[in-house]
Amino acid sequence: MAEHKINIKELSFEEASFKVDTLPKEIIELKDDEIIGQPRAIKALEMGLNVDRWGYNIFISGDSGTGRLSAIEAVESSLSKDLSNIKDIAYIHNFINSDNPRALILERGLGKKYKNSLDKFNLKLKDTLKNDKENAIDIAIKDIELLKEEYKKNTGIQEHLSLIKKDLKSISILCDNDITARYGVNLVIDNQFKKRRPFVIENHPSFATLFGGIDDKKDESLLPYQRIKAGSILESCGGVLVLYAGELLQVDGLWEALKKYLDSNKLRLKHDSYSPKGILKDRNIRAEVPRLPIKVILIGNEEIYNKLSEIDEQFLKHFKISAQFDYSMDLNLKNIGLTLAYLDKFSISNNLYKLDESGKKAILRYSAWFCEHRSELTTQFSQLTDLLVESNWWAKNLKKEIIDEEAVRKALEERDYTVSLIESKISQEIERGEMLISLTGAKVGVVNGLAVIDRGAASFGLPTVITATVAPGSEGIVNIEHEAGLSGEIHDKGLLILEGYLRKHYARTFPLSIYAGICFEQSYAEVDGDSASSSELYALLSAIAEIPIRQDIAVTGSVNQMGIIQPVGGINEKIEGFYNACKRLGLSGRQGVIIPIQNVKNLILSYEVEEAIKNKKFHIYPVKNIDEGMQILTNRAIGERGKKGNFPLDTLNREIDDSLKELFKMVSASRS
């Protein structure tokens, strides 16, 4: 019998480990408003903030901590000296319907002047009504004419003064009420002393905070216009209004109201006011909110942007500019220098210890780990500053006066410990034998797959047992999770791919006649994704040919119909999860993980796992296809088809093909 060569590739310590070797020689000094790693987003912001046209509002998408708000402020500050669109805004009495106060838009600085003019007018009117009642109206009308001459360049004021004049002519001089209350101005926005464009961030949007409302602190006996208070839309007149999309969409009807406002010249909203006992009052007051020259910026994420784009055809008309903030940047000397400069600036402003060279490299390593890529650094700088603060605390506890690698590693270890309660409980179940899993020996139709549990700020990997059983039949592959209602659509697709692989790779001269069941053992939550599809296929092939699979090697990776292994996410967590399980039950020195070869560039493993690989106590096997993985799991030669279309004798593929042929014969015999 001919011997068949087995090729098994294992990563060396140098290939499996990762560190940042080189730091820039020169220290970079950051400008106060410099934004790192976001050239695409900055260009979009510059365009959006400069184009003064309808619809050129901005939607910013990106992860929290990528400097979205800082970038807006930085770009806006370069434009903040343009005060041409800043206005003063006042509310005045509506002489036809007092419950519908009118808005008066005035040039910057004119609002206070006009208010003072009417205050003087009303004081004089009160005095003449008291001392010269018979001539009071005539005197007031003459005073109005003088004011009209003084403010002849402002059409809004002219119209208001004309309405006051008309009202004066129609009222009775014998009226006991204080008529002067009707002629005042409620100056809600006074921009007289503004030196830059308004920049308003509305963190808690509601109808009242956004569009304005009734000031409950003011006397209820006042006229409606006197009790109106401005919202953030009026406050941002001539400037920028920043809203968080998620918060905005949570308030029923608020998004529709904002769109309606952006669409029209003015919006009239009902302002509800409540008494201390929760009783609704002022239910009929509807003040107009005038359309103003403002730039609205929504901050959200890609999910919200895509959702609004799909369900709301007006969304893209109102928000023509999309500024996408990247979560990562290339790992190169320039970006390393910028990152270190940012951290140095943060350390100085927060009175933290300095980083030494080893500490810098450790934090840069974490930055790449956070991106899950060896050639990237994160732009979520809040992640790095959080680690810096924690490392500083541990440096003090370790009696150091500098943040070095030891302090950073200690911070990471303690952070992992504090969030690993659930992971620890699952590990205890494995150790006690409550979770049935073998980490030694070999079994037919059983593979140790790998899963990631995501729990908010923390995620961890753990092994999951995947089993396959085979019998003659025509049903194909049965997904037990699907039958139990615990399988997602992507996982279902992955199972269909397995059938495609069997038809492509085997059973070329006879129909596939198989009834196979695949199951995630002791799994009671929904299973989705295709990262376990290669594990399922290994288990299936093992069950078909009754070839034992090594239990000391876990598997991750998706597979296509051609048998090519495809990359998956969470690779570091998965490897570390299996390592921790092996450590609990005892490292044998033979245990390891099969991963897609494409995921090697994502490996930034814990220091402990790297050390175990260095000492040959744990192993990483990168594979390109199913054949390579099967050789590792069985320590058997796989075999390739010869010129006549047959697999060589005494190879895995020959045994699998022969087993499938035998299943076909059994099905055919039962039918005849």
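Nothing in this text is a laboratory measurement; each read-out follows from the coordinates by a stated rule. These numbers were taken from a predicted model, which means no experiment stands behind them. When we count neighbours, we look across all protein chains shown, and the Cβ atoms used for this are built from the backbone with ideal geometry, even at glycine.
Just a few scattered comments:
- Which listed pairs, of Lys583/Lys614; Lys361/Lys399; Lys113/Lys194; Lys624/Lys644; Lys133/Lys169; Lys334/Lys361, have C-alpha distances above 18 Å, in listed order: Lys361/Lys399; Lys624/Lys644
- Share antiparallel - DSSP beta bridges, the chain, percent rounded to 5: 55
- Zone of Thr440's modelled label, taken as backbone nitrogen in the range 584-619 under 14 Å from a point 7 Å along Cα→Cβ: 584-591
- Links that overshoot a 28 Å alpha carbon limit, given the list Lys152/Lys295; Lys19/Lys43; Lys574/Lys616; Lys504/Lys643: Lys152/Lys295; Lys19/Lys43
- Residue-averaged [θ]222 nm for the chain, counting only DSSP H segments that reach four residues, each worth -39500 (n - 2.57): -13000 deg cm²/dmol
- The GluC sites (Glu not before Pro) of the range 428-475 meeting both criteria, a DSSP state outside H, G, I, E and B (loop) and at most 14 other C-beta atoms within 10 angstrom of the site's C-beta, are Glu434, Glu475.
- The modelled label-to-label distance between Lys142 and Ser77, using points 7 Å beyond Cα along the C-beta direction, is 5.7 nm.
- Estimated vicinal HN-Hα couplings, Hz - the range 243-248 in sequence order (Karplus 6.51, -1.76, 1.60; Gly, Pro = x): 10, 8, 4, x, 5, 4
- Glu655 sits among other residues whose Cβ lies under 9 Å from its own Cβ, and their net charge, with Lys and Arg +1 and Asp and Glu -1, is -2.
- Cut-off under 5 Å, modelled amide H: who pairs with Val188 long-range: Ile89, Ala90, Tyr91
- Within straight-line cross-link reach of Lys130, aspartates and glutamates at Cα separation under 13 Å, skipping those fewer than 8 residues along the same chain: Asp176, Asp178
- Selection from Ile139, Thr155, Tyr91 lying farthest towards where the dipole of the range 87-193 points positive, charges on Cβ: Thr155
- Protection-proxy order for peptides 82-90, 541-549, each taking the mean of Cβ atoms within 10 Å per residue, highest first: 541-549, 82-90
- Per-residue extension of 0.36 nm, minus the Cα-Cα distance of Ile96 and Arg503, leaves a gain of 138.4 nm for this segment.
- Nearest-ten-degree value, helix 533-545 long axis tilted from longest Cα axis of the chain: 20
- Extension gain for Ala208-Val600 works out to 135.8 nm (0.36 nm per residue, less the C-alpha to C-alpha distance).
- Dipole in debye (nearest 20) - the chain, about Cα centre, beta carbon charges: Lys, Arg +1; Asp, Glu -1: 1820
- Per-residue ³J(HN,Hα) for the range 120-137, Karplus 6.51 cos²θ - 1.76 cosθ + 1.60, θ = phi - 60°, Hz, x for Gly and Pro: 5, 4, 5, 5, 5, 5, 4, 5, 5, 5, 7, 9, 9, 4, 5, 9, 4, 5
- Estimated at 0.36 nm per residue, the fully extended path between Lys218 and Lys166 surpasses their Cα-Cα distance by 15.9 nm.
- Between the labelled values (i) 36.1, 129; (ii) 24.7, 78; (iii) 34.3, 112, the entry that holds Rg and Dmax of the Cα atoms in Å as derived from this structure is (i).
- Residues Thr469 and Leu587, FRET efficiency given R0 of 22 Å [Cβ-Cβ distance, rounded to 0.05]: 0.10
- The Rg/Rh ratio of the range 87-193, with both radii computed over alpha carbons and Rh defined as the Kirkwood radius, is 0.96.
- For the range 75-231, the relative contact order comes to 36 percent (Cα pairs under 8 Å, sequence separation of at least 6).
- Degrees separating the helix 39-50 axis from the principal Cα axis of the chain, which is the longest one: 20
- Exposure rule at most 13 other beta-carbon atoms within 10 Å, DSSP loop chymotrypsin sites (Phe, Trp or Tyr not before Pro): the chain longest free segment: 194-523
- Vicinal HN-Hα couplings computed from phi for the range 353-358 (Karplus, 6.51 cos²θ - 1.76 cosθ + 1.60; Hz; Gly/Pro x): 4, 7, 8, 8, 4, 5
- If R0 is taken as 22 Å, the Cβ-Cβ distance between Ser322 and Asp263 corresponds to a FRET efficiency of 0.65.
- Relative packing of 558-567, 461-470, which averages over residues the other C-beta atoms within 10 Å, highest first: 461-470, 558-567
- Separation of the Glu46 and Ser668 label points, Cα + 7 Å toward Cβ, nm: 7.3
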